[in-house]
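The values are calculated or read from the model by the stated rules, or taken from the named source; none is laboratory data. Everything numeric here is computed off the predicted structure, so don't read it as measured data. A quick note on method: Cβ atoms are made from the backbone with ideal geometry, for glycine too, and the neighbour counts reach across all protein chains shown. In case anyone asks, the SASA skips ligands and DNA or RNA and just uses the protein heavy atoms, side chains included. Shrake-Rupley method; radii C 1.70, N 1.55, O 1.52, S 1.80 Å.
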Amino acid sequence: MSLTFSAGQTVGEYKQQASQLVRHYKWEEAIQLLKAGIDRYPNQPALLIRLGTLLVRSGQRNHGKYLLKRALEIQPGNSDVLRSIAHIKLRQGSLSSAIDLLQDSLIQDNGDAESHHSLAHFLLATEEPAMSLEHIKQTIKLNPLDPRFRRLYAFVLESQGHQTQAEEQLKILYTLSPEDPKVLFELSEYWQRAATPLHSQEYLEMAIAMDPENPLYHDRLAALYRALGQENKSKIETQISKNLQAAFSHYIQALRLSLQGEKREAIAILETLVTEHPEFITGMTLLADLYQKIGQHNLALDIYLEILGRAPLQITAREEAAWILVQQGFLDAAMDLLAASDSPTLNLTLIRAHQQISQENWEEALRLLRQVEIENPLHPKLLQLISHCLDALKKTDEALDHLNKAASLSPEDRTIWHQIMEVKYNIAVDLLNAGKFQMALTVFEKLIEEDIQPEYLLRMAYAQQQLGNLGGAIRQYRAGLEGNPTADWARINLAASLYLLGQYRKAATQWEIILAHSKSADHYYQLGLCYFHLQRFPEAERALAKAVKMGDTRPEVLYSLGASQLRLNREDEAWNLIRRAAAAQYSLAQTLLRKTIDR
């Protein structure tokens, strides 16, 4: 996703897109986007709060504080604003002012769980654990399912000597976040403080099983083994910790190089690192990512699959491997890979949509893409895919709406612009097919203003021809054929238009070009007519004779060949052909025969 915004973008869409950018660690882009949003909606507290908070978190405290105060002026007592300003005060070292602001916030809205949570933190720092406990209880009451709240509740209870209740909260925390190794580590630390090292060891080993590359966990486990008299195990864990610290040192060096654009230098470091530490999955993942970025997709795929062989729960490796398979056209293999995951992912839905698109099941593809759109409402590539399905379903207005939004989100992406032009072109062609030639012509004229493509010119010429503007049609056909000289259908129409305007020599030239690579009886017939009008009777006879020889015995062809032979004084052959045409009720042949008899 890249930094851009739409001319018609709403406040909610600005917030959504900013959240997407923050999730991808693109803070600067999120800040620029929100600034653009505030330029358009200068008095929207939601945007002021979001930008102000981001600025504070990125170190631009004064500007952030200014925006938050603006939001507070517009909406006095807004708990989000007061809480954000309180955190600024805390960073400035004014803890008492931060507490006052949060208390003011709760006077305005006592049902704000985040403010209670922040206040509990601040009160704990001022050594007022009893008041802190009351606020964290209120937080839990308002939102019992947020792991952050349970974590603080357990800590405050333990600090107040409520060991049993603290243990209960940690167990609830584990229930809420069973796959979070930090929770297991906290449980281990709790049991360590409770002087039950075996319980601590059990939870710490579980944490390491989930996050085997955290040096801190191995250090703690080494200390536990040492306390339990298991020196050999302690030494092993200490060595693992040292190895991981060394690996992370090289990893950080490679990461820094990659961020500076020196990808191949970073790859060289990582290749050595992964060779020396084949168990270091974090390094393998970065190496695979860099391989992808330099176009070495097969090398990246091999590494991702190797990671999955060692750690099947690695979601990033699974999804990246699946997308490489999709790009290589192996949709079924990608779906099988994602289906092996414990929980369904949006990528699996997206790949199913790709499969439906490849089978031209547009309705089903659109249904699946809409599911993904709920979580990614402002993703340009997704909007392009949705537009593609809508266009195939002839919902062109909706298709263009999605593409225009995608273009505003990613204006540097020329593929979106090309897709917009393609949809507009399809609209114009549909109008042509429906016989709405003037409307089609108007669309093509607008297309040509944006980009002069041979196909636009040729279709525009066809519309002109159908509207009777043969001069305009001829000019457009000539221009279009310069860019696409193999468009025989257009050259045929050009020749026909020239013939109708009496420009027989130019029409003959076009038929000669066509016949050079596309010989048919009708083409010879049309060329023969042009030669006849040019009084090039020998050439006319040859062309018309070829048409008859190729099986075209329509009366007009027979008559034209006979008329040419009359001009060449081959009367017996000529009258025979003319009589055959007259017998087939061809009026020109009948009229010529009557005139001959009358003489």
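Tabulated results
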{"quantity": "With DNA, RNA and ligands ignored, accessible area of H517 (1.4 Å probe; Å², nearest 10)", "calculated": "110"}
{"quantity": "Cα Rg, Dmax (largest Cα-Cα span) when computed across region 247-361, Å", "calculated": "15.3, 50"}
{"quantity": "Cα-derived Rg over Rh, computed across region 157-215 with Rh taken as Kirkwood radius", "calculated": "0.98"}
{"quantity": "Along each principal axis, Cα extent of region 311-432, largest first, Å", "calculated": "55, 29, 25"}
{"quantity": "Low-density loop positions, chymotrypsin sites (Phe, Trp or Tyr not before Pro), region 463-558 - DSSP coil, at most 12 other Cβ in 10 Å", "calculated": "none"}
{"quantity": "Carbon/sulfur fraction of accessible area - region 206-289, other protein chains in place, 1.4 Å, %", "calculated": "55"}
{"quantity": "Debye log10 I(q)/I(0) at q = 0.14, 0.16, 0.20 Å⁻¹ for region 412-500, Cα point scatterers", "calculated": "-0.46, -0.59, -0.88"}
{"quantity": "N110/A311 FRET efficiency (R0 45 Å; Cβ-Cβ; nearest 0.05)", "calculated": "0.50"}
{"quantity": "Efficiency of FRET from Cβ geometry, K69 and L393, R₀ 56 Å, rounded to 0.05", "calculated": "0.65"}
{"quantity": "Per DSSP, loop GluC sites (Glu not before Pro) in region 263-352 with at most 16 further Cβ within 10 Å", "calculated": "E279"}
{"quantity": "Ranked by how many other beta carbons lie within 10 Å on average, peptides 145-152, 104-111 from highest", "calculated": "145-152, 104-111"}
{"quantity": "Region 453-562 - percent of accessible surface contributed by carbon and sulfur, probe 1.4 Å", "calculated": "51"}
{"quantity": "Prolate/oblate/rounded label for region 84-159 (Cα gyration tensor, a/c 1.5)", "calculated": "oblate"}
{"quantity": "Spin-label pair L346/M550, simplified geometry with 7 Å Cα→Cβ offset, distance in nm", "calculated": "5.8"}
{"quantity": "E512-R414 FRET efficiency (beta carbon distance; Förster radius 60 Å; 0.05 resolution)", "calculated": "0.95"}
{"quantity": "Carbon plus sulfur fraction of accessible area for region 40-193, probe 1.4 Å, in percent", "calculated": "49"}
{"quantity": "Stokes-Einstein D (µm²/s) once Rh is taken as the Kirkwood radius of region 97-227 over alpha-carbon pairs, at 4 °C in 1.567 mPa s", "calculated": "83"}
{"quantity": "Whole-percent pair-distance distribution, where bins are 20 Å wide, for the alpha carbons of the chain", "calculated": "14, 31, 27, 14, 10, 4, 0"}
{"quantity": "Accessible area per residue in Å² at 1.4 Å probe, computed on the chain", "calculated": "51"}
{"quantity": "Cα centroid of region 281-329 to Cα centroid of region 492-516, whole Å", "calculated": "59"}
{"quantity": "CD proxy at 222 nm, helix term only [per DSSP H run n ≥ 4: -39500 (n - 2.57); per residue of the chain; nearest 500]", "calculated": "-25500 deg cm²/dmol"}
{"quantity": "Of the GluC sites (Glu not before Pro) in region 136-195, those whose Cβ has at most 11 other Cβ within 10 Å and which sit in DSSP loop", "calculated": "E179"}
{"quantity": "Exceeding the 28 Å Cα-Cα cut-off - candidates K35/K405; K424/K519; K293/K381; K15/K69", "calculated": "K424/K519"}
{"quantity": "Stokes-Einstein D (µm²/s) once Rh is taken as the Kirkwood radius of region 118-190 over alpha-carbon pairs, at 20 °C in 1.002 mPa s", "calculated": "177"}
{"quantity": "Gyration tensor (alpha-carbon) shape descriptor, region 341-387, a/c threshold 1.5", "calculated": "oblate"}
{"quantity": "Relative contact order (%) - region 332-416, alpha-carbon pairs under 8 angstrom, separation at least six", "calculated": "21"}
{"quantity": "With 10 Å bins from 0: P(r) over region 147-188, alpha-carbon pairs, percent", "calculated": "35, 57, 8"}
{"quantity": "Rounded, prolate or oblate (a/c below 1.5 giving rounded, otherwise prolate when a/b exceeds b/c) for region 497-568 by Cα gyration tensor", "calculated": "oblate"}
